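Step one of this worksheet: look at the structure below.
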Amino acid sequence: MKEITMKDIAREAGVSYTAVSLTLSGKGDEYRIKKETQKKILKIAEKLGYSRNIFASYLKKKRSDFVGIVGSSYRMPVRHYRQNLIAEKLKKAGYNIIIQDFHWRIGDPVSIIKEILELRVCGLIVSDPDFPSVVEYLKVLKKRGIVIVLVDGPVIDGFDQVRVSREKMTYLGIKHLFDCGYKNIYFTLPQISRKTYWAVKERYEGFKKIMKEKLRKEKKLEEYLIWHDGDCRNSYEIGYKIGNSLKKRKNVGIMGLNDQVAIGLMKRLVEKGVKIPEEAGIVGSENLPESEFSYVSLTTINFQIEKLASKTVDIFLKRIGGEKGKEFLIEIEPELIVRESTRR
């Protein structure tokens, strides 16, 4: 099928190529092209099935108004929400969006970024830069002058970055359980990445901090941790499995890894006849929509994703606009949202 060009439209309309170009780019009035001529051009363009090849002009300029957004959001609702909010705010600022996911090529994450760069993007927003190879490649790109803003992930020197502190998040959740008067307090963490993954390590640090503040007797922290593996279909099932194996039924406070784990846990405890929040208090994190509408509405830690997305886009627009200066490192403060799953 032959591609229809502006030259074809100009030939059919009997006008100049320039008149067609200006009309189709919305600049006809600005350059005083007659209204009748503009209508004629638009009508013929529609009849011929013309669609603008935006990449042709980008190749000439060697830059576009596309922004590449890439991260690891597979099966993680809070990351999907964060990614979509950032994209939506950039769209409102006049940019087009290209979204990729590291999970689509987990063995070679750098190739995902290389594919985006082939489209001459004007900058990158990289979420959860967990792969050392990705960080090293981003350093090369930054030296080439490409605007890059990091979202979440471990603190990485030399980049603008906006993140939520998992340490503060865990501290808030466990502290709330203590403040509610629960005596047997536990925290769930994934066993497989306990020593390597930044988010798990930060959560563990927050757990250690609050437990050392609250415990009168010296005990091993391991006694208060519920390590789980990933041998489940989803996070809800992980929580359900934890609830199935939980021995203590009274005066228990548990903080799940996230809202999904906490909801799965609550479901199993309710099935076993445990009263929530009287006998067991449950806290999640991320503040997913289902946390408010679960059978027992869930106390959770809000990541404040709206604020995170706004700060990310603000920094990106400043850098695209040419602002120089020291790199931004902004930590969004998580907040406790108390609902029915804990004593008030």
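The values are calculated or read from the model by the stated rules, or taken from the named source; none is laboratory data. Since the structure is predicted, the reported quantities are computational estimates derived from the model, not experimental observations. Cβ coordinates were reconstructed from backbone atoms using ideal geometry, including for glycine residues, and neighbour counts include every protein chain displayed. For accessibility, only protein heavy atoms count, side chains too; no ligands or nucleic acids. Shrake-Rupley method; radii C 1.70, N 1.55, O 1.52, S 1.80 Å.
A few notes on this one:
- Size-normalised alpha-carbon gyration radius of region 200-261, reference 2.2 N^0.38 Å: 1.23
- Counting only GluC sites (Glu not before Pro) that DSSP places in a loop and that have at most 13 other Cβ atoms within 10 Å, the longest clean stretch of the chain runs over 119-217.
- 10 Å beta-carbon shell around Met169, net charge (K/R +1, D/E -1): -2
- Annotation: Met6 carries an accessible surface of approximately 40 Å², with a 1.4 Å probe and no ligand, DNA or RNA atoms counted.
- The candidates Thr300, Thr18, Thr5, arranged from most to least accessible area with a 1.4 Å probe in the full protein assembly, appear as Thr18, Thr5, Thr300.
- Take every DSSP beta bridge whose two residues both sit in the chain; close to 10 percent of them are antiparallel.
- Remark: region 143-269 carries a charge dipole of roughly 560 debye about the Cα centre, counting +1 on each Lys and Arg Cβ and -1 on each Asp and Glu Cβ.
- With each label modelled as a point 7 angstrom along the Cα→C-beta vector, the Gln191-Asp108 pair spans 3.4 nm.
- Restraint check, Lys175/Lys311; Lys214/Lys272; Lys241/Lys272; Lys43/Lys89; Lys91/Lys318, Cα-Cα greater than 23 Å: Lys175/Lys311; Lys214/Lys272; Lys43/Lys89
- Note on the chain: percent of Cα-Cα distances in each 10 Å bin, starting at 0 and stopping at the bin with the largest distance, equals 5, 21, 24, 18, 14, 8, 6, 3, 0, 0.
- Considering only Gly284, Gly256, Gly28, the residue lying farthest towards the positive end of the dipole of the chain is Gly28, judged by Cα position with unit charges set on Cβ.
- For His176, the solvent-accessible surface computed with a 1.4 Å probe is close to 20 Å², ligands and nucleic acids excluded.
- Computed over protein heavy atoms with a 1.4 Å probe, the carbon and sulfur contribution to the accessible area of the chain reaches 51%.
- Relative contact order for region 278-330, counting Cα pairs under 8 Å that sit 6 or more residues apart, in percent: 27
- Contact order relative to length of region 193-344, as percent, for alpha carbon pairs under 8 angstrom and 6 or more apart: 18
- For Arg82, solvent-accessible area (1.4 Å; no DNA, RNA or ligand), Å²: 10
- Ellipticity estimate at 222 nm from DSSP helix runs (n ≥ 4, -39,500 (n - 2.57)) divided over the chain, nearest 500: -13500 deg cm²/dmol
- Between the helical axis of 235-245 and the longest alpha-carbon principal axis of the chain there is an angle of about 10 degrees.
- Gain in span if fully extended, Lys7 to Glu36, counting 0.36 nm per residue against the direct Cα distance: 8.5 nm
- Here the chain is assigned +1 on the Cβ of each Lys and Arg and -1 on the Cβ of each Asp and Glu. Its dipole about the Cα centre then comes out at about 380 debye.
- Loop trypsin sites (Lys or Arg not before Pro), region 124-178 (other Cβ atoms within 10 Å of the site Cβ: 15 or fewer; DSSP): Arg144
- The three principal axes of the Cα atoms in region 232-295 give end-to-end lengths of 27, 24, 17 Å, sorted in falling order.
- Residue (of Gly243, Leu215, Leu141) at the positive-pole extreme of region 141-259, dipole from beta-carbon charges: Leu215
- Rounded tilt (10° steps) of 132-143 against the dominant C-alpha axis of the chain: 40
- Projected over all directions and averaged, the alpha-carbon convex hull of region 136-189 occupies 5.0 nm².
- Taking N as its residue count, the alpha carbon Rg of region 263-304 over 2.2 N^0.38 Å: 1.13
- Per residue value of the accessible surface for the chain (all protein chains in place, 1.4 Å probe), Å²: 53
- Estimated at 0.36 nm per residue, the fully extended path between Lys250 and Glu88 surpasses their Cα-Cα distance by 53.8 nm.
- For Trp227, Trp104, the ranking by accessible surface with the largest value first comes to Trp104, Trp227, using a 1.4 Å probe.
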